[in-house]
There are 2 protein chains.
Amino acid sequence: MIAEILSTGDEVRSGALVDSNSAHIAEVLEEAGLEVTRHSTVGDDLAAISSIIKEISARADVAVVTGGLGPTTDDLSAEAAAMAAGTELYEDKSALLLIENFFKKRQWLMGSLNKKQAMLPKGSKCLENPVGTAPGFAVRIENCLFFFLPGVPSEMKKMLSEKVIPEIYTLQGGIREYSLVRDLSTFGLGEAAVNENLLSVIDDYPGIKLGLRATFPEIHVKLYAKGKDEKKVSEILERATGSVLENLGNRVLSTKGEPMELVVGNMLKSRKATIAVAESCTGGLLSNMLTNVPGSSDYFLFSGITYSNDSKIKVLGVRQVVIEEHGAVHEETAKEMAVCARRIAGATYGLSTSGIAGPGGGTEEKPVGTVCIGLATPSEAKGFRFNFQFGDRLMNKKVFAVMALDVLRRELLK
Amino acid sequence: MIAEILSTGDEVRSGALVDSNSAHIAEVLEEAGLEVTRHSTVGDDLAAISSIIKEISARADVAVVTGGLGPTTDDLSAEAAAMAAGTELYEDKSALLLIENFFKKRQWLMGSLNKKQAMLPKGSKCLENPVGTAPGFAVRIENCLFFFLPGVPSEMKKMLSEKVIPEIYTLQGGIREYSLVRDLSTFGLGEAAVNENLLSVIDDYPGIKLGLRATFPEIHVKLYAKGKDEKKVSEILERATGSVLENLGNRVLSTKGEPMELVVGNMLKSRKATIAVAESCTGGLLSNMLTNVPGSSDYFLFSGITYSNDSKIKVLGVRQVVIEEHGAVHEETAKEMAVCARRIAGATYGLSTSGIAGPGGGTEEKPVGTVCIGLATPSEAKGFRFNFQFGDRLMNKKVFAVMALDVLRRELLK
């Protein structure tokens, strides 16, 4: 079945807002076994929306439309759909009830404009919005079943998975294809190298579609399997996953697509271990990533962001002689920083970064992109040096922080 | 003049990649005085690309197409354009020379496939790509002038501004409209409140288009002015900017669209002041934001991320009795943290955060979203308490960090 995606709204049309909705919808629809052939975007313009809906109705079996369901005069999707279908709007009782209940529950005053949100094209089915005021609706125009959803990403996502996908499964009826996905997060190889390492998987599993997705600096390997027999699809996906693991080894962080900070956090938690950090070049990013994980206060004790040498010495207790002898960016200094952070906080592990994120500060010997990482464990302390060539300050900070976490992860894997 | 945007590629079509190119192109084209009416996306499919190019050629005066210019068999844009134009490909000598020079300069080996990138539809004009191997091209199909650019954002952006926009100005000839934009970053009011405060600006300057763009938690006010007389356009934009400043006061961070961390960084730098930070709930984010600014080592000395009470006492030197009396999340504790951070690092200012980012840890008295901020200056120390209702941990961390920087910014404005 062919699917198209339409996003409406002047903000997206004019480029004030990047349309991330369409990518999410495309991914979900493809995972449900549909073939997404086209996305379109038009502004808040009745004629433009209605005319593109008519075009889509002649091409696709299913369409998901976002935006234009709000209470203001700019919100034109229902009217445009009615126009394209050659029908009129009516006040949908169930939609009105949903809106009234939304306000009642929150003890908010319902504006008179909100009543407009219950006006749907004749022949529609109202789709409940569990998180916002705007109910969506499904309506058939020509041979295409249209799903109209709000543009707010959190509302759209919830309604897509809870309301639209079940309807699509019903639509597919007996001929439904099961479509399963595995998401393996990896770190340590570039996209081309990951691809090269997985050539045999592609050969051995012709039924599996393999996609690489970079969420810098991690590369996600996504395995897609399709078929009519759910058990078989699941089995082949398991085997292909095993084959990826064999080929990439401990460069795979998680077979559930988890990012580095969550993987390391879970490892620390399950070992009842704690961590203290000393950051120089990463400037707080490493700590910020660790503390983005809910519940991280269980294992994250302290981080000293010691940009100046003075603060490395005074706050962390790094020996002046170490910095004088080796400089701030050095394995020995990083090692000492990790040891000091661990000691100060009484943590199981100490982790540190010192490097040159750029754009300034590089030398011939230590160019921009150089990072030294220190790791202190209950039994020893180690220093490492790496060099990255991304050039950009923010990318360097990011890859330095993830690299440091990877050093700890590999230690925890032992 | 009507413009459309087409992005091609299976990654964008399937949702593996969010199409941020189209938003950038739309913004640039609108600023050049064009009216962008539609964006479309199709996959790496010859028939699909060629058929949508034909559709666009019947609707638009100008179109920008991205993707499909690479050397592999997936790269089909030139072929699809030739097909839509009813013409053939030829080897463009200037394109071939550009590709050969690209490889020569870098002393790389040119692959035989790269020769394919010089095959352009008859009647095209080659557009140099200063950063990559793929030259673009411009070709007229029906009444529409198409610009084909690479999909790599950095290459596309450079070619759009350096090659496409000048061609569009030529196209507009005598009737060219000047289009100027002002971007004012603000913090402290929600989108609806900013809008309400600017109603008089909308009334007083009917020639100015006003757009609001949220880059959480900042709201950018964008003023667009258009006209044939550049000086007049510039004058009216200045006056409208002045009116926004009058209405929003010191909630405006910058009239150059600068984010909070850059504004505060520049203020510290120009005052030759330094800063030390003590973070609890923001977990490194505040320091990370500050150190994202190149050159921040001039004023950023130290940050202690003291998640545990123990580290607040042992590392920062917060008095145990203050925490015992008030708790970790309290104005008095935040004040003491700021004073300690300032003292330890010998900085001009000390800034601190202590709060509840969630999802756990909230109480009736101090619900999730509560943050206490401390500020220590050379002459005094202050504590503040704020409450935000975003619910989400990452949003809370972000608004807490920006709020803390705003407390410092307002102090520096005095």
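The values are calculated or read from the model by the stated rules, or taken from the named source; none is laboratory data. Owing to the predicted nature of the structure, the values given are computational and were not obtained by experimental measurement. So basically every Cβ, Gly included, is an ideal-geometry build from the backbone, and we count neighbours across all protein chains shown.
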- Condition set hydrophobic (A, V, I, L, M, F, W, C) and in contact with a helix residue (DSSP H, G or I) (Cβ under 8 Å, 6 or more places away or on another chain), scope region B:225-248, selection nearest to B:Leu184 (Cα to Cα): answer is B:Val244
- Query: With respect to B:Ala338, is the statement that it is within 23 Å of A:Cys340 (Cβ to Cβ) and buried (at least 24 other Cβ atoms within 10 Å of the Cβ) true?
  - Reply: no
- Message: Going by what's in this entry, would A:Val201 be described as among the β-branched types (Val, Ile, Thr) and under 30 Å from A:Asp229 (Cα atoms)?
- Response: yes
- Query: Scanning region A:278-293 for residues that are outside any helix (DSSP H, G or I) and within 18 Å of the chain's Cα centre (by Cα), which turns out nearest to the other protein chains (Cβ to nearest Cβ)?
  - Reply: A:Asn292
- Message: For region A:30-59, give me the residue count where each residue is at pLDDT 95 or above, over 17 Å from B:Val36 (Cα atoms), of a type in the set (A, V, I, L, M, F, W, C) and buried (at least 18 other Cβ atoms within 10 Å of the Cβ).
- Response: 3
- Task: Report, by residue number, each residue of region A:218-242 that is surrounded by fewer than 17 Cβ atoms within 10 Å (Cβ to Cβ), among the hydroxyl-bearing types (Ser, Thr, Tyr) and either within 21 Å of the chain's Cα centre (by Cα) or at pLDDT 95 or above (or both).
- Result: none
- Note on the structure: When restricted to B:Ala341, B:Ala328, the only residue under 29 Å from B:Val263 (Cα atoms) and either among the hydroxyl-bearing types (Ser, Thr, Tyr) or touching a residue at least 40 places away in the same chain (Cβ under 8 Å) (or both) is B:Ala341
- Look at region A:152-200 and say how many of its residues are in contact with a strand residue (DSSP E or B) (Cβ under 9 Å, 6 or more places away or on another chain) and hydroxyl-bearing (Ser, Thr, Tyr). 4
- Query: Considering region B:159-195 alone, what residues qualify as being crowded, with 18+ Cβ neighbours inside 10 Å and out of contact with any helix residue (DSSP H, G or I) (no Cβ under 9 Å at 6 or more places or on another chain)?
  - Reply: B:Met159, B:Lys163
- Message: Being charged (D, E, K, R), more than 7 Å from chain B (Cβ to nearest Cβ) and either closer than 24 Å to A:Thr170 by Cβ or within 19 Å of the chain's Cα centre (by Cα) (or both): is that true of A:Glu31 here?
- Response: yes
- Out of all the residues in region B:42-64, which are among the β-branched types (Val, Ile, Thr) and either over 22 Å from the mean Cα position of the chain (by Cα) or more than 20 Å from B:Gly151 (Cβ to Cβ) (or both)? B:Val42, B:Ile49, B:Ile52, B:Ile53, B:Ile56, B:Val62
- Of all residues making up region A:119-160, the number that are β-branched (Val, Ile, Thr) and closer than 19 Å to A:Glu79 by Cα: 3
- Pairs under 6 Å by beta carbon, first residue away from chain B (no Cβ under 11 Å) in region A:39-51, partner among the charged types (D, E, K, R), six or more apart or different chains? A:Asp44/A:Asp10; A:Asp44/A:Asp74
- Would you mind telling me which numbered condition in (1) within 15 Å of A:Val139 (Cα to Cα); (2) crowded, with 17+ Cβ neighbours inside 10 Å; (3) out of contact with any helix residue (DSSP H, G or I) (no Cβ under 7 Å at 6 or more places or on another chain) A:Ala84 fails? (3)
- Query: Residues A:Ala16, A:Ala23: which one is within 28 Å of A:Thr72 (Cβ to Cβ), free of Cβ contacts under 8 Å to residues at least 12 places away in the same chain, part of a loop (DSSP other than H, G, I, E, B) and in the same structural domain as A:Gly70 (by TED's automatic domain parsing)?
  - Reply: A:Ala16
- Does region A:2-17 include one or more residues that are in contact with a Lys or Arg (Cβ under 8 Å, 6 or more places away or on another chain), surrounded by 23 or more Cβ atoms within 10 Å (Cβ to Cβ), within 14 Å of chain B (Cβ to nearest Cβ) and within 21 Å of B:Gly211 (Cβ to Cβ)? yes
- Message: Being of a type in the set (D, E, K, R) and farther than 30 Å from B:Ser50 by Cβ: is that true of A:Glu35 here?
- Response: no
- Query: Out of curiosity, is A:His24 surrounded by fewer than 24 Cβ atoms within 10 Å (Cβ to Cβ) and either at the interface with chain B (Cβ under 9 Å from one of its Cβ atoms) or in contact with a strand residue (DSSP E or B) (Cβ under 8 Å, 6 or more places away or on another chain) (or both)?
  - Reply: yes
- Message: Among the residues of region B:127-152, what is the count of those that are more than 22 Å from B:Asn21 (Cβ to Cβ) and either part of a loop (DSSP other than H, G, I, E, B) or in contact with a Pro (Cβ under 7 Å, 6 or more places away or on another chain) (or both)?
- Response: 2
- Query: Which of (1) over 25 Å from B:Leu29 (Cβ atoms); (2) part of a helix (DSSP H, G or I) does B:Gly188 not meet, given it meets every other one?
  - Reply: (2)
- Message: Considering only residues that are at the interface with chain A (Cβ under 7 Å from one of its Cβ atoms) and either basic (Lys, Arg) or more than 26 Å from A:Asp298 (Cα to Cα) (or both), which ones fall in region B:296-313?
- Response: B:Ser297, B:Phe300, B:Leu301
- Could you check A:Ala334 against (1) of a type in the set (A, V, I, L, M, F, W, C); (2) within 11 Å of chain B (Cβ to nearest Cβ); (3) under 26 Å from B:Asn292 (Cβ atoms) and say which number it fails? (2)
- Taking only region B:348-400 into account, find how many residues are more than 14 Å from chain A (Cβ to nearest Cβ) and not β-branched (Val, Ile, Thr). 21
